[in-house]
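The values are calculated or read from the model by the stated rules, or taken from the named source; none is laboratory data. Just so it is clear, the model here is predicted, and its values are computed rather than measured. Heads up, the Cβs are rebuilt from the backbone with ideal geometry, glycines too, and the neighbour counts pull from every protein chain shown. Protein only, heavy atoms only, side chains kept; ligands, DNA and RNA dropped before computing areas. Shrake-Rupley method; radii C 1.70, N 1.55, O 1.52, S 1.80 Å.
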Amino acid sequence: RRLCPELWEKYEAKLEGEPLVLRPDLFEELGDIMKPIITADFDIVGYRSVTVAEQLESDTRRLRPELWEKYEEKLEGEPLAGRPDLLEELGNVMQPILAADFEKSVE
């Protein structure tokens, strides 16, 4: 529904009120159509996550190198994008620091 509302409307009509799980023929057909779309959606989300993580790492190294060292230890060799918990945690810590840095740069 979210990715292709028009396509879902077409399949809703074909279902004639039945749940999709009771129509394996339509379930498989819809799955074949949606697989590349879903894969592309996840690739975009994954790309955004990696890009955000890389930027956050760069900003943290630049503005708070000692903080980045602590997070490197927590990451235990994993990339920041692979640890959404630490990405969110570091993002929350860095948000006011980044905001202050931005304000300073526009003055």
Counting only other residues whose beta carbon sits under 12 Å from that of LEU98, what net charge do I get with K and R as +1, D and E as -1?
0
So for segment 63-107, using the alpha carbon gyration tensor with a ≥ b ≥ c as root eigenvalues (a/c under 1.5 gives rounded; past that, a/b versus b/c decides prolate or oblate), I'd call it prolate
With r defined as the distance between the Cβ atoms of GLN95 and LYS74 and R0 fixed at 25 Å, what FRET efficiency is calculated, to the nearest 0.05?
0.85
As a test of reading the structure, rank MET34, MET94 by solvent-accessible area (1.4 Å probe, protein chains only), most first.
MET34, MET94
Probe 1.4 Å, all protein chains in place: accessible area of THR51 in Å², nearest 10?
60
In nm, to one decimal, how far is the modelled label at GLU6 from the one at THR51, with both set 7 Å along Cα→Cβ?
2.6
Between ARG23 and GLU66, 0.36 nm times their residue separation minus their Cα-Cα distance comes to what?
9.8 nm
Can you give the local net charge around GLU18? Use residues other than it whose beta-carbon is closer than 13 angstrom to its beta-carbon, Lys and Arg +1, Asp and Glu -1.
-1
Would you list VAL52, VAL93 from the most to the least accessible area, probe 1.4 Å?
VAL52, VAL93
Starting from the residue with the highest accessible area, list GLU12, GLU28 in decreasing order, probe 1.4 Å.
GLU28, GLU12
